[in-house]
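Undergrad: Before anything else, here's the structure in question.
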Amino acid sequence: AALLAFTPPTTTAVLVDTTAPTVSSVQIVLAYRPTNYSIAVTGLFGTNSFIVAKVTMSEPVAIVTNTTPSGEPPLRLALSLDGTNVPAGFTTTTLPDTTPRELYFLHIIQAGQTDTNGISIAANSHSLNGATLLDAAGNAATLTHLAVADNLEYRVDTTAPTVTISATSTNSTRSSPV
């Protein structure tokens, strides 16, 4: 009987990626003031101003959306305004039609929101809202990250200015001869 010899292929060049992508950094990157149509890197921002935060991942990720409530962004990042968390919805990635490392989140300042000591971002403040972040090998992202401290360069004041008008009366008494 003839014997067949089998030599297994060399697998030293085969790499298996089992490392999940992680959050490298979280930061507020810019704001837009609609009242004077200006993009600002820092300042005091009022109602309807746009605040943009950037999350950088350790490697490119794909955003896989399962089901999200109607009109809701697939990812959220919570910004903190004077200790109150407000949602910043996912808006875009580094480049259209690419697998991004940078994810951008937008919050529009609402009337009544104020933060005099600067916007901050709480630790681990992502919510997936029905989405999953996966790397090219299919590993789900780990979204833990450190807090971003109050940033005085991004303060919020939506309180309308007030003016107090006071008048003083000078009653003069005229005397006339009788």
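Undergrad: Which residue out of Ala88, Ala20, Ala40 is touching a strand residue (DSSP E or B) at 6+ places or on another chain (Cβ under 7 Å), modelled with pLDDT under 90 and either under 21 Å from Thr142 (Cβ atoms) or open to solvent by less than 30 Å² (accessible area, probe 1.4 Å) (or both)? First the steps, then the outcome.
TA: Details: Ala88 fails: modelled with pLDDT under 90; Ala20 fails: modelled with pLDDT under 90.
When all the criteria are applied, what remains is Ala40.
Undergrad: Name the residue that is least open to solvent (accessible area, probe 1.4 Å), counting only residues in the stretch 153-164 that are part of a loop (DSSP other than H, G, I, E, B) and either modelled with pLDDT of 90 or more or under 18 Å from Leu106 (Cα atoms) (or both).
TA: The initial filter retains those residues of the stretch 153-164 that are part of a loop (DSSP other than H, G, I, E, B), namely 153, 158-164.
Now narrow it down to the ones that are either modelled with pLDDT of 90 or more or under 18 Å from Leu106 (Cα atoms) (or both): 153, 158.
On the way: Glu153: 96, Thr158: 26 Å².
Per the stated criteria, the residue is Thr158.
Undergrad: A follow-up question, please. Give me the residue from the stretch 131-151 that is part of a loop (DSSP other than H, G, I, E, B) and closer than 28 Å to Asp82 by Cα and, out of that set, most open to solvent (accessible area, probe 1.4 Å).
TA: Step one: of the stretch 131-151, the residues part of a loop (DSSP other than H, G, I, E, B) are 135-139, 141, 143-147.
Those left that are additionally closer than 28 Å to Asp82 by Cα: 143-147.
Numbers: Leu143: 33, Thr144: 85, His145: 20, Leu146: 146, Ala147: 68 Å².
For the stretch 131-151, the residue satisfying everything is Leu146.
Undergrad: If you don't mind, another one. If you go through the stretch 107-122, how many residues are open to solvent by less than 50 Å² (accessible area, probe 1.4 Å) and outside any loop (DSSP other than H, G, I, E, B)? So that I can check it myself, show each step before the final result.
TA: Within the stretch 107-122, the subset open to solvent by less than 50 Å² (accessible area, probe 1.4 Å) is 107, 109, 113-115, 118-122.
Within this subset, residues satisfying the condition of being outside any loop (DSSP other than H, G, I, E, B) are 107, 114-115, 119-122.
Of the residues in that region, 7 qualify.
Undergrad: Is there a residue in the stretch 92-101 that is of a type in the set (A, V, I, L, M), in a strand (DSSP E or B) and either surrounded by 14 or more Cβ atoms within 10 Å (Cβ to Cβ) or modelled with pLDDT under 90 (or both)?
TA: The initial filter retains those residues of the stretch 92-101 that are of a type in the set (A, V, I, L, M), namely 95.
Filter again for in a strand (DSSP E or B), leaving none.
The answer is no; no qualifying residue exists.
The values are calculated or read from the model by the stated rules, or taken from the named source; none is laboratory data. These numbers were taken from a predicted model, which means no experiment stands behind them. Ideal geometry is used to build each Cβ from the backbone, glycine not excepted, and the neighbour counts take in all protein chains shown. The protein model used for the area step is the full one, side chains on, heavy atoms only, and it has no ligands, DNA or RNA in it. Shrake-Rupley method; radii C 1.70, N 1.55, O 1.52, S 1.80 Å.
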